[in-house]
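Enquirer: First the structure, which I've put down as structure tokens, then a few questions once you've had a look.
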Amino acid sequence: MYNFEFVKPSSVDEAVAALKDEDAQPLSGGQTLIPTLKQRLNQPSRLVSLLGIADLVGLSESGGEMTIKGATNHATVAAEAASSFPGLAALAGKIGDPAVRNRGTIGGSIANNDPSACYPAAAMACQATIVTNTREIAADDFFEGMFATALDEGEIVTAVRFPVPEASNYQKFEQPASRFPLTGVFVAKYADRVGVGVTGASNDGVFRWKEAEEALASNFSPDAISGLTVPADDMISDLHGSAEYRAHLVKVLTGRGVAAC
Amino acid sequence: MKVTMTVNGKSMSGEAEGRTLLSSFLREELGLTGTHVGCDTSQCGACTVHVDGRQVKACTMFAAEAEGTDVTTIEGMANADGSLNTIQQAFQDYHGLQCGFCTPGMVMAASSLLEQNPKPSETEIREHLHGNICRCTGYHNIVKAIMAASGQDVPAVAAE
């Protein structure tokens, strides 16, 4: 790993100032960034740790919305959201392994936008709002493709705000070696709509399966999507699964998610 | 930079660069070589330690991130008189290791599990060990050791 300057500010303002350095990067839980640095795929001059900022940790619920601060780790979400938003808590509780969940954060996951990350599927299905130090961005506008987001240089995800659904479920079909989803589907049922967020499947990263959302909004049952097909054209194809296989998984997992809600 | 943390109950300091991993700091700066580095890619869990009571992979955390924290390593697990603690003794009794390389991480992961869940089921134990890889035992005896350490009966496990 190339060396860098390590700084650990105690406020968002200090972190933003420290990130003005040209090759500075934020460091949250580091569970993706540190392995990347080890492979010399990344060479920051300075890493700005966000974990010393008390304002960036914790979750709260009010007015039917759950706000999870950016540097809140997965284990905390799994434990503290369990009663009010069990679908999201279950998603957080299955990311990686217990040690990873004690370090990795929601802000890091969302900002990295790995095409197989779990949180973006929930953010899309729930039409969450990504809050940064400068603005608020709708999930639909935030995720721009594999590892690409609407974030500007030096912009920090300070929180993610989820409208809490009436019922939700995350179906993760694990790639057994990495435990990332080979394909994962988050289903969220609201009074007036249904959200279906898909991760791990598309070359364009996380997406909403809108055809299924419409069908499920009028008939929330696995039968509602039985006549639909997911096009395989833009799906990821690799040694773990072909594009057709992933397209098939999207439909199967959506059905299972609906049945489990 | 100078980094100071409490390790196994004692305040310890050493020099670290920004890139110094907690695993390297423990092993090379503090001489605590019980924390093993198996893969150095966050896959195997041999480097598992507790930071402020929570299990983490010491190879996937910078030493500087542990400034001011309370770290427990495998060297801090034995009883005060030097005898093996309950989990370690159970690993010996149930032959939960062969080469022993993964064992420090397994013991740290097991102790973290039993703190959160004193009577885990076999399934819960196996799930908790997702991030700890053993290439010798096939895991059955590790699972039995953890069942025994939690004071539960040790049933014959599946596929045995």
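The values are calculated or read from the model by the stated rules, or taken from the named source; none is laboratory data. Predicted, not measured: the structure shown is a model, and the values here were computed from it. Because the Cβ atoms are built from the backbone with ideal geometry, glycine has one as well, and the counts that use them run over all protein chains shown. Note: areas computed on protein heavy atoms with side chains; ligands, DNA, RNA excluded. Shrake-Rupley method; radii C 1.70, N 1.55, O 1.52, S 1.80 Å.
Enquirer: Looking only at the stretch A:85-127, how many residues end up being away from chain B (no Cβ under 14 Å) and under 18 Å from residue A:66 (Cβ atoms)?
Expert: So the count comes out to 21.
Enquirer: Are any residues in the stretch A:7-30 within 10 Å of chain B (Cβ to nearest Cβ) and open to solvent by less than 30 Å² (accessible area, probe 1.4 Å), and if so, which ones? I'd like the intermediate steps shown before the answer.
Expert: Looking only at the stretch A:7-30, we keep the residues that are within 10 Å of chain B (Cβ to nearest Cβ), and these are A:7-8, A:27, A:29-30.
Listed by number, the residues that qualify are A:27, A:29, A:30.
Enquirer: Also, quick follow-up: All but one of (1) open to solvent by less than 30 Å² (accessible area, probe 1.4 Å); (2) within 13 Å of chain A (Cβ to nearest Cβ) hold for residue B:87, so report the exception by its number.
Expert: Exception for residue B:87: condition (2).
Enquirer: Also, I was wondering about something else. Return the pair list, or none, for Cβ contacts closer than 8 Å from residues in the stretch B:76-91 that are assigned to a loop (DSSP other than H, G, I, E, B) to residues that are of a type in the set (Gly, Ala, Ser), at least 6 apart or on different chains.
Expert: B:77/B:111; B:84/B:78; B:85/B:78
For every residue, the table says whether it meets (1) surrounded by fewer than 20 Cβ atoms within 10 Å (Cβ to Cβ); (2) at pLDDT below 95; (3) over 17 Å from the mean Cα position of the chain (by Cα); (4) within 21 Å of residue A:94 (Cα to Cα).
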{"residue": "A:145", "(1), (2), (3), (4)": "yes, yes, no, no"}
{"residue": "A:162", "(1), (2), (3), (4)": "no, no, no, yes"}
{"residue": "A:210", "(1), (2), (3), (4)": "yes, no, yes, no"}
{"residue": "A:215", "(1), (2), (3), (4)": "no, no, yes, no"}
{"residue": "A:222", "(1), (2), (3), (4)": "yes, no, yes, no"}
{"residue": "A:228", "(1), (2), (3), (4)": "yes, no, yes, no"}
{"residue": "A:240", "(1), (2), (3), (4)": "yes, yes, yes, yes"}
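Enquirer: Hey, can you tell me all the residues within the stretch A:1-11 that are outside any loop (DSSP other than H, G, I, E, B) and touching a helix residue (DSSP H, G or I) at 6+ places or on another chain (Cβ under 6 Å)?
Expert: First, pick out the residues of the stretch A:1-11 that are outside any loop (DSSP other than H, G, I, E, B): A:5-7.
Within the stretch A:1-11, A:6, A:7 meet the criteria.
Enquirer: If you go through the stretch A:158-182 one residue at a time, how many are closer than 19 Å to residue A:215 by Cβ and not charged (D, E, K, R)? Reasoning before the result, please.
Expert: Within the stretch A:158-182, the first condition is being closer than 19 Å to residue A:215 by Cβ, and the residues that meet it are A:165-169, A:171.
Subset that is not charged (D, E, K, R): A:165, A:167-169, A:171.
Here the count works out to 5.
Enquirer: Among the candidates A:186, A:173, which residue alone is in a strand (DSSP E or B), touching a residue at least 40 places away in the same chain (Cβ under 8 Å), outside the structural domain of residue A:73 (by TED's automatic domain parsing) and more than 15 Å from the chain's Cα centre (by Cα)?
Expert: Numbers: A:186 fails: more than 15 Å from the chain's Cα centre (by Cα).
Of the residues listed, the single one that is in a strand (DSSP E or B), touching a residue at least 40 places away in the same chain (Cβ under 8 Å), outside the structural domain of residue A:73 (by TED's automatic domain parsing) and more than 15 Å from the chain's Cα centre (by Cα) is A:173.
Enquirer: Applying the selection to the stretch A:208-259, what residues are of a type in the set (Phe, Trp, Tyr) and under 19 Å from residue A:169 (Cα atoms)? Write out each step before concluding.
Expert: Let us first name the residues in the stretch A:208-259 that are of a type in the set (Phe, Trp, Tyr), namely A:209, A:220, A:245.
A:209, A:220 - these are the residues of the stretch A:208-259 that are of a type in the set (Phe, Trp, Tyr) and under 19 Å from residue A:169 (Cα atoms).
Enquirer: Among the candidates A:92, A:75, A:82, single out the residue that is in the same structural domain as residue A:127 (by TED's automatic domain parsing) and touching a Cys at 6+ places or on another chain (Cβ under 9 Å).
Expert: Residue meeting the stated conditions: A:92.
Enquirer: In addition: Test residue B:28 against the criterion of being surrounded by fewer than 20 Cβ atoms within 10 Å (Cβ to Cβ), of a type in the set (D, E, K, R) and within 14 Å of another protein chain (Cβ to nearest Cβ), and give yes or no. Spell out the reasoning first.
Expert: Numbers: surrounded by fewer than 20 Cβ atoms within 10 Å (Cβ to Cβ): yes; of a type in the set (D, E, K, R): yes; within 14 Å of another protein chain (Cβ to nearest Cβ): no.
No, not satisfied.
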